[in-house]
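Participant: Have a look at this one.
The values are calculated or read from the model by the stated rules, or taken from the named source; none is laboratory data. What you are looking at is a predicted structure, and each value in this text was computed from that prediction instead of being measured. Every residue, glycine among them, receives a Cβ derived from its backbone with ideal geometry; neighbour counts consider all protein chains shown.
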Amino acid sequence: MEWFKADLHTHTVLSPCGDLEMSPVNIVETALSKGIQLLAITDHNATQQCEEVVKVAQKKGLSVVVGAEVTTREEVHCVVLFENVEILKNFQLFIDEHLPDISNNVDRFGHQVWVNEDEEILGQEDRLLLSALDASIDEVEAKVHELGGIFILAHVDRKSFSIYSQLGFIPFDLKIDAVEVSDNVIFDDFIQQKTQLKDYVIVRSSDAHYIEDIGKTFSLIKMEEPTFSELKLALAGQGGRDVIGRG
């Protein structure tokens, strides 16, 4: 058992707010240069770029977890992670069913493309990925756990698109695997303000949209190896595994 450096919230060029430099090769090489050992790919309401990042990561020796950053009907952002690309494709079907048919305005929001390791465009998402799904937070959580995934409340300290900004509290019956706190707050002060968080596992991630931000904030995770299955056990605190979300 050892400690691994993990960044569990990273965007790519596919996210409309993601920088054009956020290609598979650039992401993987930058993560490795920052000492990241487990990286999660989590574009806004989209998963199509994950498979290409995994391909590059396997060649270069980086462990990658696939997922998305989902915007629920309540406009709460949630990081969802899955064991492999095949399961991820099932979740993409859920996204496709619930993402509103609102066209992306490229001039206003940016391009929504996914690319291969040579940065050649493989496809484009025409619907605006910044839209909220027409599925509630409870429905999203239920689907994620139905597929054996991990459900994390994203950047709960932010004044928009967080569980506190939108609902004011964490529903007691919501099945949460972890709560993410960004690097914008003093950790101990925030936990004292939100005493409810003492009941949850806390992670910290970069939410990187730009290359230089990858690994800027991270978690230390004690586990056997940097894999999805071990991450899931660590978040559950099983077998001596642990999480320190204070990077």
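Let's see how each residue does on (1) surrounded by 19 or more Cβ atoms within 10 Å (Cβ to Cβ); (2) polar (S, T, N, Q); (3) more than 20 Å from residue 121 (Cβ to Cβ):
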residue	(1), (2), (3)
1	no, no, yes
5	no, no, yes
16	yes, no, no
19	no, no, no
40	yes, no, yes
46	yes, no, no
55	no, no, no
86	no, no, yes
100	no, no, yes
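Participant: Would you say residue 150 is surrounded by 21 or more Cβ atoms within 10 Å (Cβ to Cβ) and over 15 Å from residue 42 (Cβ atoms)?
Facilitator: When the stated conditions are applied, residue 150 does not pass them.
Participant: Just the residues that are surrounded by fewer than 15 Cβ atoms within 10 Å (Cβ to Cβ) and on the phi > 0 side of the Ramachandran plot, please, taken from segment 153-182.
Facilitator: Correct list: 168 only.
Participant: Going through segment 60-75 one residue at a time, which ones are basic (Lys, Arg) and without any contact (Cβ under 8 Å) to a residue 40 or more places away in the chain?
Facilitator: Of everything in segment 60-75, just one residue is basic (Lys, Arg) and without any contact (Cβ under 8 Å) to a residue 40 or more places away in the chain, namely 60.
Participant: Let me ask another. Would you mind stating whether residue 186 is among the β-branched types (Val, Ile, Thr), crowded, with 16+ Cβ neighbours inside 10 Å and out of contact with any Cys (no Cβ under 9 Å at 6 or more places or on another chain)?
Facilitator: no
Participant: State yes or no: is residue 165 closer than 20 Å to residue 79 by Cα and either assigned to a helix (DSSP H, G or I) or basic (Lys, Arg) (or both)?
Facilitator: Yes: the conditions hold for residue 165.
Participant: Shifting gears a bit: Could you tell me whether residue 116 is modelled with pLDDT of 95 or more, out of contact with any His (no Cβ under 9 Å at 6 or more places or on another chain) and either of a type in the set (A, V, I, L, M) or surrounded by fewer than 18 Cβ atoms within 10 Å (Cβ to Cβ) (or both)?
Facilitator: yes
Participant: Still on this structure: Among the residues in segment 192-200, are any under 19 Å from the mean Cα position of the chain (by Cα) and within 23 Å of residue 11 (Cβ to Cβ)?
Facilitator: no
Participant: Moving to a separate point now. Residue by residue through segment 210-247, note down the ones that are buried (at least 17 other Cβ atoms within 10 Å of the Cβ) and assigned to a loop (DSSP other than H, G, I, E, B).
Facilitator: Those that are buried (at least 17 other Cβ atoms within 10 Å of the Cβ) and assigned to a loop (DSSP other than H, G, I, E, B): 214, 215, 217, 218, 226, 241, 245, 247.
Participant: Say whether the condition of being small (Gly, Ala, Ser), closer than 28 Å to residue 197 by Cα, part of a loop (DSSP other than H, G, I, E, B) and in contact with a helix residue (DSSP H, G or I) (Cβ under 7 Å, 6 or more places away or on another chain) is met by at least one residue in segment 125-142.
Facilitator: yes
Participant: Another question, then. Considering only residues that are over 19 Å from the mean Cα position of the chain (by Cα) and acidic (Asp, Glu), which ones fall in segment 158-179?
Facilitator: 173
Participant: Which one is farthest from residue 29 (Cα to Cα), of the residues in segment 109-138 that are among the acidic types (Asp, Glu) and touching a residue at least 40 places away in the same chain (Cβ under 8 Å)?
Facilitator: 134
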